[in-house]
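Colleague: Sharing a structure below in structure tokens format, with a few things to ask.
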Amino acid sequence: MNPIIAPSILAADFANLQRDVELLNSSEADWIHVDIMDGIFVPNISFGIPVCEAINKHAQKPLDVHLMIENPQNYLEAFQKAGAEIISVHYEACNHLHRTLQQIKGLGCEAGVALNPHTSVSLLEDVISDIDMVCIMSVNPGFGGQKFIERTYEKVSALKEIIIKRNAKTLIEIDGGVNSDNAPKLVKAGADILVAGSFVFKSEDPAKTISSLKKNS
Ligand code: DX5
Ligand code: ZN
């Protein structure tokens, strides 16, 4: 099965956000990945709720909102109102992950959990059936354009085993340093969704890059 492709708007031209969202609308992208960074959970600040709203005004595809923020539970409703269909919170930022997942679902959104590279997938065993999507970070969150961490393949396979063992329907998303070399291997290991920022937007023809990532993975 072809993976879901979720280009990351973080790598778009922010001075031409509408143009780049429209580019994604007319491409084979399935979702639009929206990276929210607060400068506390990660050492960088991207953009917040009003920009998410502005993206949503033009987007014709689901917004996959990745919250790289502390206390994400305080902002779930704001992001749902700003157009998020999928909301991922970081495992490392949630003291009461189960409650936060129920809050996301209560808003009518799909609930995702993102894992930093140092966080083991085994920590999700007890809650896997409550998670619609696990986002395995294949770089340290905070910046686009970083190098893919090779250990990710093993994490994908291990997570897939847990999902099968628990009879869950959880999807696996990979975020960071995804390109045409690692994409087919990631899908083979069990990935369902590929996020790609720089590889798409820094390419000569982003729509063509999205299409080939989808077809050749
Ligand atoms: C990293 C972000 C990623 C990033 C991916 O903190 O969560 O979504 O935009 O960008 P690339 O594909 O350039 O690594
Ligand atoms: Zn992301």
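Colleague: Take every DSSP beta bridge whose two residues both sit in the range 8-109, then give the antiparallel share in percent to the nearest 5. List each step's numbers first, then the result.
Modeller: Values: 1 of 13 bridges.
That works out to approximately 10 percent antiparallel.
Colleague: Listed here are the pairs Lys188/Lys214; Lys160/Lys214; Lys160/Lys202; Lys105/Lys169; which of them are more than 23 Å apart at the Cα? Let's see the in-between values first.
Modeller: Details: Lys188/Lys214 13 Å; Lys160/Lys214 20 Å; Lys160/Lys202 31 Å; Lys105/Lys169 15 Å.
The answer is Lys160/Lys202.
Colleague: With a Förster radius of 25 Å, plug the Cβ-Cβ distance of His58 and Gln146 into 1/(1 + (r/R0)^6) and report the FRET value to the nearest 0.05.
Modeller: Numbers: r = 28 Å, r/R0 = 1.10.
Using R0 = 25 Å, I get an efficiency of 0.35.
Colleague: Here is a further query. Dividing the Cα radius of gyration by the Kirkwood radius, what Rg/Rh value follows for the chain? It would help to have the intermediate numbers written out before the result.
Modeller: On the way: Rg = 15.8 Å, Rh = 17.0 Å.
On the Cα set of the chain, Rg over Rh gives 0.93.
Colleague: Still on this structure, I have one more. Could you check what % of the DSSP bridge pairs in the chain are antiparallel, to the nearest 5? Intermediate values should be presented prior to the final figure.
Modeller: Details: 1 of 34 bridges.
In the chain, DSSP labels about 5 percent of beta bridges as antiparallel.
Colleague: Which Cα, out of Gln103, Thr209, Gly144, lies furthest along the positive dipole direction of the chain (beta carbon charges, K/R +1, D/E -1)?
Modeller: After comparing all options, I get Thr209.
Colleague: OK, next. Just to be sure I understand the curve: with the Debye formula and one point per C-alpha of the range 1-78, what is log10 I(q)/I(0) at q = 0.11, 0.18, 0.20 Å⁻¹?
Modeller: -0.29, -0.74, -0.88
Colleague: Give me the extension gain from Ala78 to Lys165: residue separation times 0.36 nm, minus the current Cα-Cα distance, reported in nm with one decimal. Could you put the intermediate results ahead of the total?
Modeller: Numbers: separation 87, 0.36 × 87 = 31.32 nm, distance 3.50 nm.
Roughly 27.8 nm would be gained on extension.
Colleague: Within 10 Å of each residue's Cβ, count the other Cβ atoms and sort Met68, Met133 from fewest upward.
Modeller: Numbers: Met68 26, Met133 21.
Ordered from fewest to most neighbouring Cβ atoms within 10 Å, Met68, Met133 come out as Met133, Met68.
Colleague: So, one more: What list of ³J(HN,Hα) values in whole Hz, one per residue of the range 177-183 in order, does the Karplus curve 6.51 cos²θ - 1.76 cosθ + 1.60 (θ = phi - 60°) give from phi, with Gly and Pro shown as x?
Modeller: Taking θ as phi minus 60°, the curve returns x, 6, 8, 5, 6, 8, 4 Hz for the range 177-183.
Colleague: For the range 156-194, state which trypsin sites (Lys or Arg not before Pro) are in a DSSP loop and have at most 15 other beta carbons lying within 10 Å of their beta carbon. All intermediate terms of the calculation are to be shown ahead of the outcome.
Modeller: Details: sites: Lys160, Lys165, Arg166, Lys169, Lys185, Lys188; in loops: Arg166, Lys169.
Here the trypsin sites (Lys or Arg not before Pro) that fit, given the DSSP loop and packing criteria, are Arg166, Lys169.
Colleague: If we count other beta carbons within 10 Å of each Cβ, what is the order of Asp64, Asp13, fewest first? If you can, show how the numbers build up before the last one.
Modeller: Working: Asp64 29, Asp13 10.
Fewest-to-most ranking of Asp64, Asp13: Asp13, Asp64.
Colleague: Now a separate question. Just rank Glu173, Glu204, fewest to most, by other beta-carbon atoms within 10 angstrom.
Modeller: Going from sparsest to densest Cβ surroundings: Glu204, Glu173.
A short reminder: the numbers here are calculations on the coordinates, not readings from a lab. A quick note: this is a predicted structure, and the numbers were derived from the prediction, not measured. Don't worry about glycine lacking a Cβ; one is built from the backbone with ideal geometry, like all the others, and counts go over all protein chains shown.
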